[in-house]
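A short worksheet on the structure shown next.
The values are calculated or read from the model by the stated rules, or taken from the named source; none is laboratory data. Just so we're clear, the structure is a prediction, and the values are computed from it rather than from any experiment. With ideal geometry, Cβ positions are generated from the backbone for all residues, glycine too; neighbour counts draw on all protein chains shown.
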Amino acid sequence: MATLSEKVLTKSARNSKTEQNGSGAEVEDTGATSTTSTTGATRPVRPAAPSTPVLSVRDVHISDQAAGQEIVHGVNFTLTPGRSVGIVGESGSGKTLTCRATLGILPAHFEVTGGSIEIDGQDISGLSSAQWTALRGATISAVFQDPASYLNPSIRVGAQIAEVLKVKKGLKRGEARRQAIDLLHAVHLRDPDLVYGQYTYELSGGMLQRVLIAAAIAADPRILIADEATTALDVTVQAEILDLLADLRERTGLALVLVSHDLAVVAQLCDEVLVMRQGEVVEQGPTHEVLHNPQHEYTRLLIAEHEQYGLDKFLGTDAVEPAKTDALDTADAVKEDA
Ligand SMILES: Nc1ncnc2c1ncn2[C@@H]1O[C@H](COP(=O)(O)OP(=O)(O)O)[C@@H](O)[C@H]1O
Ligand SMILES: [Mg+2]
């Protein structure tokens, strides 16, 4: 059976319908210490060498080889542990292709035709599928929209998370179950023991998205790519998930790539932002600077469009406080046939 990451690779993004989180807005303090990850693994919060990138995307060009057309015309960013970059821009501008290139899961006929991508110092262009399998989930993970399509409807959701822990961390059954329940707790699901034994059809969209995030972070990835991962969710649930990601970033040094059409989300979570239009990065810089003092006409247009949705409150004095929030989505490495 295909793994979750393989499904991510082959399926195209679909919109999922907005759904209220049936569990309500439970916000709890996970009480984690600064050096303990969600699953109990120790990882430095403040990396010893903060300038060493976990992800380097250098002048990446992506082409549709079937159409003989370049679609993405050069994307650059680097992420060190605990930092986050946001990618915004109109639909079709190349945001998702950029994410997929980074995950090594471009659609058929698409190729990186220029530039380079390094994950943890390793150029990904020559990776074998075995090397990718080792990286996905454990080093780089992703969460996309439409969580239901990444989970197996006939397997209890908890078992699917436990499978990630067994495969990626080599845990025995009982320990995998215990840690899966801890993860469900960490993503603020109210009754983790109950949810563990439930099937996807029993859970709301918000709960499923949390389950997927739990699966994505199960193997303690160093990089999480969240591509419109909260877009379809109710505003309250979205805020909780963004808080969770911010918390993970702070506690575990998770590095985050956050794709969102919502500038307020990016303002809240990201240190740096890339504004894309038609495959070009038209503007890039520290989020605070770009949103306060946009240089490109298109950025100004985006900001004007978003002001009515409440961007203002994030542009206030402590609006863009990168250290406060972070993290995104990822759906990777969950065995479908857990
Ligand atoms: N699987 C695919 N097959 C054909 N074209 C695609 C595919 N995925 C993306 N594209 C094209 O590549 C361009 C960029 O897409 P994408 O990266 O998904 O945009 P965004 O995420 O910014 O909305 C679009 O013009 C889109 O039509
Ligand atoms: Mg997209």
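Residues that are modelled with pLDDT of 95 or more and either among the polar types (S, T, N, Q) or more than 25 Å from residue 143 (Cβ to Cβ) (or both) within the stretch 253-287 comprise 278, 280, 282, 283, 284, 285, 287, listed in sequence order.
Just wondering, is there one or more residues in the stretch 83-90 that are over 13 Å from residue 259 (Cβ atoms), buried (at least 16 other Cβ atoms within 10 Å of the Cβ) and modelled with pLDDT of 95 or more? Checked against the condition, which is being over 13 Å from residue 259 (Cβ atoms), buried (at least 16 other Cβ atoms within 10 Å of the Cβ) and modelled with pLDDT of 95 or more, the stretch 83-90 yields at least one hit. Does residue 256 satisfy the criteria of being under 22 Å from residue 75 (Cα atoms), over 16 Å from the mean Cα position of the chain (by Cα) and of a type in the set (A, V, I, L, M)? Answer is no for this residue.
Contact annotation: no residue pair with Cβ atoms under 8 Å, 6 or more positions apart or on different chains, pairs a residue in the stretch 95-112 that is buried (at least 23 other Cβ atoms within 10 Å of the Cβ) with a partner that is among the basic types (Lys, Arg) and part of a loop (DSSP other than H, G, I, E, B). When the stretch 279-309 is examined, which residues are found to be among the polar types (S, T, N, Q) and surrounded by fewer than 18 Cβ atoms within 10 Å (Cβ to Cβ)? Scanning the stretch 279-309 gives 293, 295, 308. Cβ-Cβ contacts under 8 Å between residues 6 or more apart (or on different chains), taken from a first residue in the stretch 47-72 that is outside any strand (DSSP E or B) to a second residue that is within 16 Å of ligand 2 (Cβ to nearest atom) and modelled with pLDDT of 95 or more, are listed as 65/110. With respect to the conditions (1) within 16 Å of ligand 2 (Cβ to nearest atom); (2) of a type outside the set (Ser, Thr, Tyr); (3) farther than 20 Å from residue 254 by Cβ, residue 108 falls short on a single one, namely (1). Screening the stretch 225-244 for residues that are more than 15 Å from residue 266 (Cα to Cα) and crowded, with 24+ Cβ neighbours inside 10 Å and picking the one that is modelled with the highest pLDDT gives 237. Here is the figure for the stretch 51-83: residues that are within 16 Å of ligand 2 (Cβ to nearest atom) and more than 22 Å from the chain's Cα centre (by Cα) total 2.
Go through 118, 111 for me and flag whichever is under 21 Å from the mean Cα position of the chain (by Cα) and among the charged types (D, E, K, R). That would be 118, the only listed residue that is under 21 Å from the mean Cα position of the chain (by Cα) and among the charged types (D, E, K, R). Scan the stretch 214-221 and tell me whether some residue there is in contact with a strand residue (DSSP E or B) (Cβ under 6 Å, 6 or more places away or on another chain) and either more than 30 Å from residue 266 (Cα to Cα) or away from ligand 1 (no atom under 16 Å from the Cβ) (or both). Scanning the stretch 214-221, I find at least one residue that is in contact with a strand residue (DSSP E or B) (Cβ under 6 Å, 6 or more places away or on another chain) and either more than 30 Å from residue 266 (Cα to Cα) or away from ligand 1 (no atom under 16 Å from the Cβ) (or both), so the answer is yes.
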